[in-house]
């Protein structure tokens, strides 16, 4: 794809990241809380229900304390993801499914890093939207298999559910698995295998690097970011 098109797509990704900023702030709360709209430091209202916009500075307008995602992090993450997808050359409804997973995945990854959870308000639309877009791809005759995508979603969800029962994974990861499984399975079973495995590989390398750097790690590993990175990387390059 021409560099200009990739740059324009990255700009759209940055806008998607900006739109995700208030969602990340609102949903970065420990379970069982559902959401927040006030500053955790001074209690002042940050998100107006009529216009839910979070300051790009990442600071509360009232007390100037840091809140929500760091400045430009959601925007940069989404821009990079969108640019990578555009560079991969996919088009049509399948590409739309990739962008959808990326947009939802950036928000989910940032929330997971903040509070170690993947909220239903994002995992369920991620799954529903991905399956809907892949259905459109099938109706448009794009190369791929909707039946295999659905089966792959079921298989990956079942595997993750078993891991969750064993205490090796959270239920949020399980709820996000159908979106990842469907996106990867659309192309082939091989892509599903490597896309799922890539998340664990990226996670293992990252955690080893953190330990080598002497950085303390929480007992619970936020797997959401690795899951998104691995799936998109394999989907885009396959």
Problem set entry | residue 18 vs. criteria farther than 28 Å from residue 185 by Cβ and outside any helix (DSSP H, G or I) | no
Problem set entry | Residue match in segment 215-225 (condition: under 15 Å from the mean Cα position of the chain (by Cα) and free of Cβ contacts under 8 Å to residues at least 12 places away in the same chain) | no
For this session: Say whether the condition of being without any contact (Cβ under 8 Å) to a residue 60 or more places away in the chain, out of contact with any helix residue (DSSP H, G or I) (no Cβ under 8 Å at 6 or more places or on another chain) and not assigned by TED's automatic domain parsing to the domain that holds residue 19 is met by at least one residue in segment 96-103.
Result: no
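Restricting to segment 156-172, name every residue that is in a helix (DSSP H, G or I) and either over 16 Å from residue 224 (Cβ atoms) or modelled with pLDDT of 95 or more (or both).
Looking only at segment 156-172, we keep the residues that are in a helix (DSSP H, G or I), and these are 156-165, 171-172.
Across segment 156-172, the qualifying residues are 156, 157, 158, 159, 160, 161, 162, 165.
The rows are residues; the columns are (1) farther than 15 Å from residue 106 by Cα; (2) out of contact with any helix residue (DSSP H, G or I) (no Cβ under 8 Å at 6 or more places or on another chain); (3) surrounded by 14 or more Cβ atoms within 10 Å (Cβ to Cβ); (4) not assigned by TED's automatic domain parsing to the domain that holds residue 111.
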residue	(1), (2), (3), (4)
8	yes, yes, yes, yes
13	no, no, yes, yes
40	yes, yes, yes, yes
54	yes, no, yes, yes
For this session: Check whether at least one residue in segment 33-40 is modelled with pLDDT under 85 and farther than 19 Å from residue 71 by Cα, and report yes or no.
Result: yes
Exercise. Before we move on, is residue 205 surrounded by fewer than 24 Cβ atoms within 10 Å (Cβ to Cβ), part of a helix (DSSP H, G or I) and at pLDDT 95 or above?
Worked result: no
Exercise. So is residue 185 within 21 Å of residue 110 (Cα to Cα), touching a helix residue (DSSP H, G or I) at 6+ places or on another chain (Cβ under 8 Å) and modelled with pLDDT of 95 or more or not?
Worked result: no
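The values are calculated or read from the model by the stated rules, or taken from the named source; none is laboratory data. Values in this document were obtained by computation on a predicted structure and should not be read as measured data. Backbone-built Cβ (ideal geometry, glycine too); neighbour counts: all protein chains shown.
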